[in-house]
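Each remark here refers to the structure printed beneath this line.
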Amino acid sequence: MSRELRALPVPTRPAEVLALLPTLAAALAGDGPALLPVTDQEPDLPAALGVDRPVADRIALVIGTSGSTGAPKGALLASEAVKASAMATHARLGGPGTWLLAMSARYIGGLQVLIRSLLAGNEPVVADLTEGFRAENFTKAAFTALEAPGRHYTALVPTQLGRLMSGDALAALRGFDAIVMGGAAMPEALRQRCRDEGVNAIPSYGMSETASGCVYDGVPLDGVEIRLSDGRIDIRGPMLADGYRNFDGESPFVDGWFQTSDLGRRLDDGRLEVIGRLDDVINTGGVKVAPLLVERALTAVDGITDACVVGLPDPEWGQVVAAAVVTELAPSEEELREAVRAAAGRAAAPKLIRFVPALPLLGPGKVDRAAVRKALGGSARSSRPS
């Protein structure tokens with residue numbers, strides 16, 4: 001059995017986003033075509049993912065994503081997988097509630113806000129994203145959502161949350177029973193500030209292939225299994241995608257497990273800690289450095305609001321550690337290197353540090369590491385900092 005695949009243009013105006021709900025409900029129920037969410041910035045994506053060709057009857061959504069080559073592929077999500085993710089999320093958070101959508105429904109994190117709302121039988125509140133993410137628009141929508149009875153949730157990426165931690169926006173954040181964080185790693189300084197301010201921000205780990213977050217604050221959702229294979233995170237559970245569309249490489253879906261490209265480790269209390277992507281690991285002089293651990297050390301320094309760490313080619317060391325740092329106070333480079341040495345070891349201390357006004361983003365809050373690497377490339381010398 002097969003099913004039509006149709007592009008779903010994702011708007012930014014609240015009324016137009018809400019108008020998508022019947023079409024999305026039909027896709028989940030099997031009464032309408034499968035859907036490929038796209039924005040007007042992706043005119044070639046529908047053709048690249050073959051909207052003129054049907055998908056298997058069980059598939060409800062195809063979520064466009066890209067690998068390390070940048071070639072588009074689509075995660076094939078069955079209705080059962082999408083619903084399993086939504087129901088497991090509600091079970092973990094304390095039950096269904098009213099959701100505020102504050103990010104694009106083009107991506108699985110935003111789309112799941114609409115799906116959870118459909119399953120809860122509650123109309124979501126949608127923030128106006130016509131001019132991009134604005135704190136004032138979020139705050140207005142948040143207070144509207146908080147007027148509804150019952151529990152209240154939203155989903156954000158760390159960049160968004162950081163912009164909301166003051167004034168009326170902070171007051172609105174405190175009203176939510178849970179704020180699901182995704183898209184990128186949440187800096188420890190931001191987590192601590194949320195604890196200090198009474199904001200219940202819950203880091204999640206997941207991706208399109210798992211129908212959104214499947215690990216909340218290091219603990220897998222009900223029905224999800226995690227194993228570490230030489231440090232690589234493998235996932236099994238009812239919310240896994242069926243595979244990919246427009247992908248001819250070696251499948252990472254093997255014997256019921258999804259073999260991610262992420263590196264993780266177990267903490268002493270058994271929780272999972274994600275420490276970066278395997279292909280981002282920097283090999284400097286034979287020592288492997290996880291960029292995320294360096295970024296955490298940098299952002300723990302007062303005044304550092306964001307950081308991206310990459311490896312640059314070096315004739316002597318193979319690679320050297322380089323960092324793009326967003327700062328308010330401009331600490332000395334040596335202070336930053338010492339913070340990294342103390343937290344992650346001498347080899348992890350960045351050889352090159354460049355202060356930048358902001359990090360380039362790719363998708364919902366994800367740093368464009370390729371752009372950072374290009375901006376920093378060629379600037380490193382061939383010796384380590386002492």
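General observations
- GLU80 charged (D, E, K, R), surrounded by fewer than 23 Cβ atoms within 10 Å (Cβ to Cβ) and over 22 Å from ALA241 (Cα atoms): no
- Sub-9 Å Cβ pairs linking a first residue in the range 248-270 that is β-branched (Val, Ile, Thr) to a second residue that is in a strand (DSSP E or B), at least 6 apart or interchain, are VAL254/ASP234; THR260/MET207; THR260/ARG232; THR260/ILE233; THR260/ASP234; THR260/ILE235; THR260/ARG277, ordered by first then second residue.
- Flag set for PRO54, criterion: surrounded by fewer than 16 Cβ atoms within 10 Å (Cβ to Cβ), at negative phi and not small (Gly, Ala, Ser).
- Applying the set (1) in contact with a helix residue (DSSP H, G or I) (Cβ under 8 Å, 6 or more places away or on another chain); (2) touching a residue at least 60 places away in the same chain (Cβ under 8 Å) to HIS152 leaves exactly one unmet item: (2).
- Taken together, LEU21, LEU76 contain a single residue that is touching a strand residue (DSSP E or B) at 6+ places or on another chain (Cβ under 6 Å), within 26 Å of ALA120 (Cα to Cα) and not β-branched (Val, Ile, Thr), which is LEU76.
- Selected residue [within 25 Å of GLU131 (Cα to Cα) and either at pLDDT 95 or above or surrounded by fewer than 21 Cβ atoms within 10 Å (Cβ to Cβ) (or both)] from ALA15, ALA75, ALA26: ALA15
- Residue that is surrounded by the most Cβ atoms within 10 Å (Cβ to Cβ), among those in the range 256-288 that are hydrophobic (A, V, I, L, M, F, W, C) and out of contact with any helix residue (DSSP H, G or I) (no Cβ under 6 Å at 6 or more places or on another chain): ILE282
- Residue within the range 236-245 that is touching a residue at least 40 places away in the same chain (Cβ under 8 Å) and farther than 30 Å from LEU5 by Cα present: no
- Each residue in the range 85-142 was checked for being in contact with a Cys (Cβ under 8 Å, 6 or more places away or on another chain) and closer than 13 Å to LEU24 by Cβ, and 0 of them qualify.
- The C-beta contact set for the range 207-224 (first residue closer than 15 Å to GLY270 by Cα and in contact (Cβ under 8 Å) with a residue 12 or more places away in the chain, second residue of a type in the set (Gly, Ala, Ser) and part of a loop (DSSP other than H, G, I, E, B), distance under 9 angstrom, 6+ apart or interchain) comprises GLY218/GLY270; VAL219/GLY270; PRO220/GLY237; LEU221/GLY237; VAL224/GLY237.
- Of everything listed in (1) farther than 21 Å from SER204 by Cβ; (2) touching a residue at least 60 places away in the same chain (Cβ under 8 Å), the single unmet condition for GLY132 is (2).
- Inside the range 306-362, residues that are basic (Lys, Arg), surrounded by 14 or more Cβ atoms within 10 Å (Cβ to Cβ) and part of a helix (DSSP H, G or I) make up a count of 2.
- Failed criterion for LYS83 (all others in (1) over 23 Å from ARG369 (Cα atoms); (2) assigned to a loop (DSSP other than H, G, I, E, B) hold): (2)
- Residue in the range 127-138 that is charged (D, E, K, R) and within 29 Å of MET1 (Cα to Cα) present: no
- For the range 296-308, the criterion of a residue being of a type in the set (Lys, Arg) and free of Cβ contacts under 8 Å to residues at least 40 places away in the same chain is satisfied by no position.
- Tally of residues being among the aliphatic types (A, V, I, L, M) and either part of a loop (DSSP other than H, G, I, E, B) or under 25 Å from ARG369 (Cβ atoms) (or both) across the range 23-61: 5
The values are calculated or read from the model by the stated rules, or taken from the named source; none is laboratory data. Source: prediction; values computed, not measured. A quick note on method: Cβ atoms are made from the backbone with ideal geometry, for glycine too, and the neighbour counts reach across all protein chains shown.
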